[in-house]
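> Structure in structure tokens, see below.
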Amino acid sequence: MLIKINPILSPELLFILRTMGHGDKLVLADGNFPANAMNKRVVRLDGVNISDAAKAILSVFPLDSFLVSQGKAAVSRMEVDDRPQEITDTHKEFIDVVKKISGSNWEVGSIERQTFYEEAKKSYAIVTTTDARPFGCFIMTKGVIKPDGSVWVLDK
């Protein structure tokens, strides 16, 4: 155990988060997501839901403000098929976590399911949970931490 490190963050997951660079993408997925078919780097968080996984990851993971300055989202959710505007309970919980942990100024974008799969294949790693709620999948892009330990935020 480590002080102030959420115990959900296993040594394997901490290693992946630490070795990611600026602009690398991390997928946080529900239990039904075909993670191993999408990527070679997969970390399983069995017994963990999306909300708790997001809280743990975002406690150490800076989001990418550079994308925001370009009008793009640093965090995106998988859209519900044929209902792209629908926000599921899992989406709501995740959005609440992003705003609580990373800051209220972060917006969560959306990606159509098949496009999400293509992005997942290009991601640095995938973290799977055992959350069984459908469309509970998200992509987070890693940002920059300044020398003082704060997250670098680029103004629009």
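> Would you mind finding the one in Phe15, Phe66 that is without any contact (Cβ under 8 Å) to a residue 60 or more places away in the chain and out of contact with any strand residue (DSSP E or B) (no Cβ under 6 Å at 6 or more places or on another chain)?
Phe15
> Could you tell me which residue of region 45-94 is farthest from Ala29 (Cα to Cα), considering only residues that are in contact with a Lys or Arg (Cβ under 8 Å, 6 or more places away or on another chain) and of a type in the set (S, T, N, Q)?
Ser69
> Out of region 1-52, which residues are of a type in the set (Gly, Ala, Ser) and on the phi < 0 side of the Ramachandran plot? Working first, answer last.
Residues of region 1-52 of a type in the set (Gly, Ala, Ser): 10, 21, 23, 29, 31, 35, 37, 47, 51.
Result: Ser10, Gly21, Ala29, Gly31, Ala35, Ala37, Ser51.
Residue-wise test of (1) touching a Lys or Arg at 6+ places or on another chain (Cβ under 6 Å); (2) touching a residue at least 12 places away in the same chain (Cβ under 8 Å); (3) crowded, with 21+ Cβ neighbours inside 10 Å; (4) within 19 Å of Gly71 (Cβ to Cβ).
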{"site": "Trp106", "(1), (2), (3), (4)": "no, yes, no, yes"}
{"site": "Gly109", "(1), (2), (3), (4)": "no, yes, no, yes"}
{"site": "Arg133", "(1), (2), (3), (4)": "no, yes, no, no"}
{"site": "Asp148", "(1), (2), (3), (4)": "no, no, no, no"}
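> Does at least one position in region 136-143 carry a residue that is at pLDDT 95 or above, more than 21 Å from Lys55 (Cα to Cα) and either part of a loop (DSSP other than H, G, I, E, B) or of a type in the set (D, E, K, R) (or both)?
Among the residues of region 136-143, not one is at pLDDT 95 or above, more than 21 Å from Lys55 (Cα to Cα) and either part of a loop (DSSP other than H, G, I, E, B) or of a type in the set (D, E, K, R) (or both), which makes the answer no.
> Under 9 Å between Cβ atoms, which residue pairs at least 6 apart in sequence (or on different chains) link something in region 79-91 that is of a type in the set (D, E, K, R) with a partner that is loosely packed, with under 11 Cβ neighbours inside 10 Å?
Glu79/Gln85
> Could you check, for region 36-57, whether at least one of its residues is within 18 Å of Glu12 (Cα to Cα), without any contact (Cβ under 8 Å) to a residue 60 or more places away in the chain and aliphatic (A, V, I, L, M)?
yes
> Taking Val144 as meeting all but one of (1) under 19 Å from His22 (Cβ atoms); (2) crowded, with 21+ Cβ neighbours inside 10 Å, write down the number of the exception.
Result: Val144 passes all but (2).
> Do the conditions hold for Val98, that is, is it within 15 Å of Gly136 (Cα to Cα) and either touching a helix residue (DSSP H, G or I) at 6+ places or on another chain (Cβ under 9 Å) or not in a strand (DSSP E or B) (or both)?
yes
The values are calculated or read from the model by the stated rules, or taken from the named source; none is laboratory data. On a predicted model such as this, the values are computed, not experimentally measured, just so you know. Reconstructed Cβ throughout: ideal geometry from the backbone, glycine too, with neighbour counts over all protein chains shown.
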